[in-house]
Amino acid sequence: MAFDLFDPASWPTRRDEDWKYSDLSRSLREAPQPSHLTHIQAQVADFNGFYWHCAGDGQLAGLQEAVRQARGRLYLDMGDFGLEDGVSGYQGEGRIALAEGESLILLEDYTGAFDYAAHTTLHFDLAKGAHLTRVVILDEPETAVSVRQSYVTTAPDSVYKQYVFATGAKFQRFESHVDHAGHGAEVEMHGAYLLKDQAHFDYTTRVRHADINGTTQQLIKGLTKDRATAVFQGRILVERGADGTDARMHHQALMLNDGARVRAKPELEIYADDVQCAHGNTVGALDEAALFFCQSRGMDEATARALLMQAFVVPVAEQIADEVVRDMVLNWLEHKAGGFYGL
Amino acid sequence: MLNIENLTVAVEDKTILKGLTLNVPAGEVHAIMGPNGAGKSTLGYTLAGRPNYEVSEGSATLNGEDLLAMEVHERASAGLYLSFQYPLEIPGVPAMTFIRTALNAQRKLRGEDEVGAPQFLKDIREIAKTLKIDTEMLKRPLNVGFSGGEKKRMEVLQMALLKPKFLILDETDSGLDIDALKVVSEGVNALRSPERGMLVITHYQRLLDHIKPDRIHILVDGRIVHSGGPELALELEAHGYDRYVNEAA
C-alpha cells in the first residue's frame, strides 16, 4: 500500500494483513524530519572496472533520463544520512519505462549512516520484449528504517528479474508488485538475506498473472542469527483464464540459534484450471555434520560456519547472468558472512 | 607416532570403546578389522574430535601431542587426517575453494605463509591428474552429486594436498568398484613414507590387497582382541570373526 512517510496517520499498521509481521510505527514513533543529506546518483556504469559518469539530476525523478544515457547498464547509488538530533527522512518516487525490445541491468545500492527513515517507490513499465534485471543491495545501518516499494507492469515476451540481497536494519522492507502480462513474459524474483543482532528484514512479493502462458520463478534463501527476524510474504495470484501459467516459489531459511526468527507466508491463489504452480518452504538449522567435516579438515569453527553460511545463500547470486555484477555480489556475500563470526 | 592407551569412549551414554590400546609407529600402516558395531568408526571419530563422543578414560597422542586436549581443527593442523566413510556434500562451496580454505587455515595455525592461488592451482591440477579427476569437477560444489568413487578420490586429493602426518582411512573401500579401488589405493600408497603413519579401518580383506598393512588388529566389542601380521587378513577372510567374537564374549 502507498503511504506518506511524513504523515503517521497514513502509515500501514499491523491490522493491515500485509503488514502483520512488520510494525512500522513501532520502529518509527513519529514523523521524521525532511532530510537534506540524501545522496542519490544515477550513474552510467561500465561495470567492467566500475568506471562511471554521473548522469542523473540527483533525484529519483531523473531516472528515465539516466536510463536513456545508460546504454543498458545503470548504477543507482543511494545513501541516506541521519541528522544529529532526531530522525531524518527521505521520500522519493521514480519511473523507468523500457521501450519495445530494450534491455537494462539496474544495480541498486542502498546504503547510509545513523538514524534515518527512507521510503522510495519505483515504477517499472516494460514494453513488449523488454528485458529488465534489477540487482538490489540493501546494506543499511542497523539504526535505519527503510521501505522500498516497486510496481512493475510487463508486456508479452518481456522479462523481469529481480535479485535482492539484504542485511536488514531496525526496519527494512522490500516490496514488489508485478502485473504479469503472460504471453511468453517471464518473471523472476529472487533474494537472499543475512540477518544478525536485532535486524529486521521483510521481503514481500506480489505477482498477478492476468493472462495466459506466463512464468514466475522465485528462490529466496536466508539466515537469521541472534535475535534477528526475517519475514517472507510471497503471493502469486492466477486470475481466471490465465491458463498455461507456470509459477514456482521456494523459500529456504536457516535459524542459527534459538531466539532468531523466520516468518514465512507463501500463498498461491489460483482461479485458472490449466496451470502448474508449486511452492516450498523450509526452515532448518546449520548442518552440524558438515560443520564437523569442515573442521576436521583444519578450518576453525568461525571459518567453517562462515563458509557454510555463505554457501547456503550463494545459489541465489549464481543465477545472475552478468558476470561482473555476479562477482561483485558474491564478494559482498563472502564479506558479510565472514562478518557474522568476526572474520 | 600414534599412541592410544586404554581409550574408553561413550556416545549418547552407550560405551563403545572399552579400554582400547594401540600404537602405530611412523612409517607403518596398520589395519583395524572387526565386525559391525565393534567400534571401528567410533575410534576414527573420537581421534578427530567429533562432538558428543565422550572420552571417560585413557589417552591418545600424536608425536607426543595430546590429541584429546585439542579442538577439532587443531588436530588437523597437528597432522591428523580422517578420511570419512561417507564424505559430506558441501553445497555451494567449489571443491577447490574448500580445499584451499582448509589448507590455508591449517598453515595459518602453524604459523606458515598462505599458499597463493597460482601455486595452489598448479599443485591441485597435478595431483588431480594422477587421480584421474577432471579439472572441471574441482569447480563443482564439493561432493554434491559425485559418485561413491568420485567422493573417495576427492578424499585422497585432499590428503595429498594437506600432507597430514597421520592418516585414518575409514572404510575407504566402501562404494568403490574395482577400477576406482585401484586408483584410490594407488593414491594412498603414493603417500606412504617413513615419516607418515596410517590406520586403515576396513571390513573386508579386499582393500588390504591394495594397501598392504604392516600389522593387523582385530577390534571386537571396543577392544583390540588380537594383533598379527598381514597373513591375519587371509585367515579372517576364510574363517570370519566368530572365533574372536566368542572369545570376547
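The values are calculated or read from the model by the stated rules, or taken from the named source; none is laboratory data. What you are looking at is a predicted structure, and each value in this text was computed from that prediction instead of being measured. Neighbour counts are summed over all protein chains in view; Cβ atoms, including those assigned to glycine, are modelled from backbone coordinates with ideal geometry.
Restricted to helices (runs of 4 or more DSSP H) entirely inside the stretch B:1-119, those with at least 2 residues that are touching a strand residue (DSSP E or B) at 6+ places or on another chain (Cβ under 6 Å) are B:40-48.
All but one of (1) more than 17 Å from the chain's Cα centre (by Cα); (2) buried (at least 21 other Cβ atoms within 10 Å of the Cβ) hold for B:ASP66; state the number of the condition that does not hold. That leaves (2) as the condition not met. Scanning the stretch A:96-155 for residues that are among the small types (Gly, Ala, Ser), assigned to a strand (DSSP E or B) and farther than 30 Å from A:ASP197 by Cβ yields a count of 2. Consider B:LYS18 carefully, then state whether it is more than 18 Å from the chain's Cα centre (by Cα), more than 10 Å from chain A (Cβ to nearest Cβ) and within 28 Å of B:LYS212 (Cα to Cα). Answer is yes for this residue.
Listed here are the residues, each with its yes/no results for (1) in contact with a His (Cβ under 8 Å, 6 or more places away or on another chain); (2) not small (Gly, Ala, Ser).
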site: A:ILE137; (1), (2): no, yes
site: A:SER146; (1), (2): yes, no
site: A:GLN149; (1), (2): yes, yes
site: A:SER158; (1), (2): yes, no
site: A:PHE165; (1), (2): no, yes
site: A:LYS170; (1), (2): yes, yes
site: A:GLU175; (1), (2): no, yes
site: A:HIS180; (1), (2): yes, yes
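Can you tell me which residue in the stretch B:74-102 is surrounded by the most Cβ atoms within 10 Å (Cβ to Cβ), limited to those that are facing chain A (nearest Cβ under 7 Å) and farther than 19 Å from B:GLY148 by Cα? Within the stretch B:74-102, the match that is surrounded by the most Cβ atoms within 10 Å (Cβ to Cβ) is B:ALA76. Is at least one residue of the stretch A:232-253 crowded, with 21+ Cβ neighbours inside 10 Å, hydrophobic (A, V, I, L, M, F, W, C) and within 14 Å of chain B (Cβ to nearest Cβ)? No, because not a single residue in the stretch A:232-253 is crowded, with 21+ Cβ neighbours inside 10 Å, hydrophobic (A, V, I, L, M, F, W, C) and within 14 Å of chain B (Cβ to nearest Cβ).
Listed by first and then second residue, the pairs linking a residue in the stretch B:121-145 that is touching a residue at least 60 places away in the same chain (Cβ under 8 Å) to a residue that is buried (at least 17 other Cβ atoms within 10 Å of the Cβ) and in a helix (DSSP H, G or I), with Cβ atoms under 8 Å apart and 6 or more places separating them unless they lie on different chains, are B:THR130/B:GLY187.
Here A:ASP258 does not qualify as surrounded by fewer than 21 Cβ atoms within 10 Å (Cβ to Cβ), within 28 Å of A:ALA144 (Cβ to Cβ) and within 22 Å of the chain's Cα centre (by Cα).
Scanning the stretch A:273-306 for residues being surrounded by 17 or more Cβ atoms within 10 Å (Cβ to Cβ), touching a Gly at 6+ places or on another chain (Cβ under 9 Å) and in contact (Cβ under 8 Å) with a residue 24 or more places away in the chain gives a total of 3.
Table: residues versus (1) under 21 Å from the mean Cα position of the chain (by Cα); (2) more than 16 Å from A:LEU60 (Cα to Cα); (3) modelled with pLDDT under 95.
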site	(1), (2), (3)
A:ASP80	yes, no, yes
A:ALA97	yes, no, no
A:GLU102	no, yes, no
A:LEU107	yes, no, yes
A:THR111	yes, no, yes
A:PHE114	no, yes, yes
A:LEU132	yes, yes, no
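Matching residues to (1) touching a Gly at 6+ places or on another chain (Cβ under 8 Å); (2) aromatic (Phe, Trp, Tyr); (3) within 19 Å of A:ALA317 (Cβ to Cβ):
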site: A:GLU175; (1), (2), (3): no, no, no
site: A:VAL178; (1), (2), (3): no, no, no
site: A:ALA185; (1), (2), (3): yes, no, no
site: A:HIS190; (1), (2), (3): no, no, yes
site: A:ALA199; (1), (2), (3): yes, no, no
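Quick grid of which residues meet (1) facing chain B (nearest Cβ under 7 Å); (2) modelled with pLDDT of 95 or more; (3) in a helix (DSSP H, G or I):
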{"position": "A:LEU286", "(1), (2), (3)": "no, no, no"}
{"position": "A:PHE293", "(1), (2), (3)": "yes, yes, yes"}
{"position": "A:GLY298", "(1), (2), (3)": "yes, yes, no"}
{"position": "A:THR303", "(1), (2), (3)": "yes, no, yes"}
{"position": "A:LEU308", "(1), (2), (3)": "no, no, yes"}
{"position": "A:PHE312", "(1), (2), (3)": "yes, no, yes"}
{"position": "A:PRO315", "(1), (2), (3)": "yes, no, yes"}
{"position": "A:ILE320", "(1), (2), (3)": "no, yes, no"}
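Taken over the stretch B:26-57, the criterion of being free of Cβ contacts under 8 Å to residues at least 60 places away in the same chain, of a type in the set (Gly, Ala, Ser) and surrounded by fewer than 18 Cβ atoms within 10 Å (Cβ to Cβ) is satisfied by B:GLY37, B:SER56.
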